[in-house]
1. Any idea which residue in the stretch 1-20 is least open to solvent (accessible area, probe 1.4 Å), counting only those that are basic (Lys, Arg) and at pLDDT 90 or above?
2. For the stretch 47-64, indicate whether the set of residues that are basic (Lys, Arg), touching a helix residue (DSSP H, G or I) at 6+ places or on another chain (Cβ under 9 Å) and modelled with pLDDT of 85 or more is non-empty.
3. Just for the stretch 26-59: of the residues that are under 16 Å from residue 14 (Cα atoms) and of a type in the set (Ser, Thr, Tyr), which one is surrounded by the most Cβ atoms within 10 Å (Cβ to Cβ)?
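The values are calculated or read from the model by the stated rules, or taken from the named source; none is laboratory data. Computed from a prediction, not measured in an experiment: that's the story for all the values here. Please note: Cβ atoms are built from the backbone with ideal geometry, for glycine as well, and neighbour counts cover all protein chains shown. Ligands, DNA and RNA are stripped out before the accessible areas are found, and what is left, the full protein with its side chains, is counted by its heavy atoms. Shrake-Rupley method; radii C 1.70, N 1.55, O 1.52, S 1.80 Å.
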Amino acid sequence: SRMARVLAIMQSEPERLWRSREIAELLGDVTYRQLARWTERGMIKRVRTGCYTAIANPLRGLRKR
C-alpha cells in the first residue's frame, strides 16, 4: 500500500526530516491530504509545515476499522 511504502522510506532514515515534496517525488502518488491523514492517525509526525518524520512504532495504537 501507499502508506506502507511511505513508512518504509521514512523509517529507513528515522532521524531525517522529510519534505512533503521529496516524498511525493519518490512515490509519485502521495498527496498533501494523505500526509495530513496519516499524521492525524499517528502514523507519521509533522514537525512543521511541509516537513514530516517517522515515529518509533506507527502501528501501535492503530484502531481496527
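1. Going residue by residue through the stretch 1-20, those that are basic (Lys, Arg) are 2, 5, 16, 19.
Now narrow it down to the ones that are at pLDDT 90 or above: 16, 19.
Details: 16: 74, 19: 124 Å².
Checking each candidate, the answer is 16.
2. Filtering the stretch 47-64 down to residues basic (Lys, Arg) leaves 48, 60, 63-64.
If we keep only those that are touching a helix residue (DSSP H, G or I) at 6+ places or on another chain (Cβ under 9 Å) as well, we get none.
No, the stretch 47-64 contains no residue that is basic (Lys, Arg), touching a helix residue (DSSP H, G or I) at 6+ places or on another chain (Cβ under 9 Å) and modelled with pLDDT of 85 or more.
3. Here the answer is 52.
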